[in-house]
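Colleague: Next up is a structure, given as structure tokens.
The values are calculated or read from the model by the stated rules, or taken from the named source; none is laboratory data. These numbers come from a predicted model, not from an experiment. We place every Cβ from the backbone using ideal geometry, glycine too, and count neighbours over all the protein chains shown.
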Amino acid sequence: MNHPALKRGSLILALAALGATALTGCGPASDGARPPGVGAVSADPAGQSDLQGFYQQKLTWTRCGELQCATLTVPMDYAHPKDGRTFTLPLAKAVTADPDWRVGSLVFNPGGPGESGVDQLKSGAQSSFSERTRARFDIVSFDPRGVAGSKPAVDCGSSDPAAEDQPPSGAGDTSTSLYPKTDAERRAELANAEHQTAACKARSGAILPHVGTLDAARDMDVLRAALGDDKLTYLGWSYGTYLGTVYGELFPRRVRALVLDGAVDPALDWSEAALQQAKGFRKSVDDYAGQCASVVGNACPAATPDGIHKVITDLYARVSKRPLRIKGSDERLDQAMLNAAVSMSMYSPESQWQPLSEALRAAHKGDGTKLAEIADPGISAQDDSSDGGSEPGSDDDQAPGNSSDAIVAVNCLDQPHPRDPQPYWDLLDRANREAGAFGTSNVLAALTCKDWPAGAQKPHRVQAEGLPPVLVVGTTGDPATPYEWSKNLAGQLPGGMLLTFRGPGHTAYGRGSACVTAAVDAYLLDLKPVPDGTTC
């Protein structure tokens, strides 16, 4: 059974991827080769002395509900760490249940990019780890730079209903389709994308060049040192696998164990990643149609796979012409919201396929409310902010979410994108042929990156000499990070081990497979290798 407390991995491309001893005087000397694709940027771009103060900081832990919380200070610009600009990153820790047998800290990232690790822990994400693992490790997570409680955080205005920034006149008014075909429709989409980029630059321009995964991985090494761990033990889901991979490239000899579940393939460029992911979602909908009756029974929107496909196809066509009403909201269910609801429902079949089925049946009768609530759970929620809020440090004391802004900021910086709009339109036509709305929505999301600040990374195969064996976990029916990505990453890593989980859904560890749990735990706790070809 999936642990609902752990909200794993937003879409990689944005639809609208240890023994512990105290460190004394440890400086951040570079420990390995410079990976290709990271250019001439080393793990230690400024020199040991410039970063030593960050590496030697002591964490002050205070109680926050059932957890312990602290903050970590990291330089905003690792090339100029003494210029006074910093990020302050929230941390949270679930202390080991058996201190006498403590191995060290187990750092995790839940995905995104843009998900708050602190909020995940406050919501009970430690229950996604087995009792055996929780007994031996402090479970630690953090808000990456620019995300959620990070100070500063990326702000593009999407979470501010009173924002004065408005789309240009006429932008987006010509169609609600996710496949703009006419010149007018494409000009409107381009104007919307340019407006979003301009809003991000206006509100967060100073930090946008510094919120990429390359710097987040450096932050994680500062965190490792501050936790008192000689080497990092880490588990990343979805986008968190990319963060772990980049860390392994920069600091291969500072890794104790890496578990990368639902992997991102760093060798893919933006267009290949967008198209392959879209095909993954289309395949997952095929799995849903084929398995719906056996998983959710009579709640299915039709009796046969062909019938389910017809319900979904007809609904896409219907809402493109006349969006459906949503109870309690002035908004309407259009194609983008429908596509988000269907896509998000592919992540955890065991908990999401039945609500999707019920929502599709309601939409077939003209009510888009349930689908809208899947796409945006807060769309019809009542405002309960008048109660004065929660007490500081309580489980409900969570930072305002900025995941929709952060996912754009990180993705656009991490992958180079064309400045000319024509490659997007060329890919749009191919994406529509090969993956339908899942493909075109990915391309339109990427269009926002056209005028983004340039990042330091390029698509590349992993080079991490000195990295110990890494465990990659791939799910055969994964929609957001296709199984081939996990196979490819395991093949790129020196000593990479692939653990295959057969089934639908996104990622595997923490979803209830005893086979997966046993293999991952044995690796984390005892560094036990996973034999080649192991399948659960």
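Colleague: Please count how many residues of segment 98-112 are assigned to a loop (DSSP other than H, G, I, E, B) and crowded, with 21+ Cβ neighbours inside 10 Å.
Modeller: 4
Colleague: Mind listing whichever residues of segment 72-97 are in a strand (DSSP E or B) and within 17 Å of ALA153 (Cβ to Cβ)?
Modeller: LEU72, THR73, VAL74, PRO75, THR86, PHE87, THR88, LEU89, PRO90, LEU91, ALA92
Colleague: Going through segment 492-514 one residue at a time, which ones are within 26 Å of ARG282 (Cβ to Cβ) and assigned to a strand (DSSP E or B)?
Modeller: Those that are within 26 Å of ARG282 (Cβ to Cβ) and assigned to a strand (DSSP E or B): LEU498, LEU499, THR500, PHE501, ARG502, GLY503, PRO504.
Colleague: Of these, SER284, SER294, which one is buried (at least 24 other Cβ atoms within 10 Å of the Cβ), out of contact with any helix residue (DSSP H, G or I) (no Cβ under 6 Å at 6 or more places or on another chain) and in a helix (DSSP H, G or I)?
Modeller: Going through SER284, SER294 in turn, the sole match is SER284.
Colleague: May I pose another question? Which members of segment 317-342 meet the condition of being assigned to a loop (DSSP other than H, G, I, E, B) and more than 13 Å from ILE374 (Cα to Cα)?
Modeller: ARG322, PRO323, LYS327, GLY328, SER329, ASP330, GLU331, ASP334, listed by residue number.
Colleague: Further question: Which condition number does SER158 fail, the rest of (1) over 27 Å from ALA257 (Cβ atoms); (2) modelled with pLDDT of 95 or more; (3) assigned to a loop (DSSP other than H, G, I, E, B) being met?
Modeller: In the conditions (1) over 27 Å from ALA257 (Cβ atoms); (2) modelled with pLDDT of 95 or more; (3) assigned to a loop (DSSP other than H, G, I, E, B), SER158 misses (2) alone.
Colleague: Got at least one residue in segment 478-495 being crowded, with 20+ Cβ neighbours inside 10 Å and over 21 Å from ALA267 (Cβ atoms)?
Modeller: no
Colleague: Taking segment 275-298, which residues are farther than 18 Å from TYR347 by Cβ and among the aliphatic types (A, V, I, L, M)?
Modeller: Listed by number, the residues that qualify are LEU275, ALA293.
Colleague: For segment 247-276, what are the residues that are more than 22 Å from ALA508 (Cβ to Cβ), buried (at least 24 other Cβ atoms within 10 Å of the Cβ) and among the hydrophobic types (A, V, I, L, M, F, W, C)?
Modeller: Selection gives LEU250, PHE251, ALA274.
Colleague: Across segment 348-366, what is the total count of residues that are closer than 19 Å to GLY378 by Cα and outside any helix (DSSP H, G or I)?
Modeller: So the answer is 0.
Colleague: Ok, one more. How do the pairs read when you match residues in segment 62-89 that are modelled with pLDDT under 95 with residues anywhere that are assigned to a strand (DSSP E or B) and among the charged types (D, E, K, R), using Cβ under 9 Å and keeping only pairs 6 or more apart or on different chains?
Modeller: none
Colleague: Report yes if some residue within segment 105-121 is of a type outside the set (Ser, Thr, Tyr) and over 19 Å from the mean Cα position of the chain (by Cα); otherwise report no.
Modeller: Scanning segment 105-121 turns up no residue that is of a type outside the set (Ser, Thr, Tyr) and over 19 Å from the mean Cα position of the chain (by Cα).
Colleague: Further, regarding this structure: Just to be sure I understand, how many residues within segment 190-204 are buried (at least 18 other Cβ atoms within 10 Å of the Cβ) and either among the polar types (S, T, N, Q) or in the same structural domain as LEU178 (by TED's automatic domain parsing) (or both)?
Modeller: So the answer is 3.
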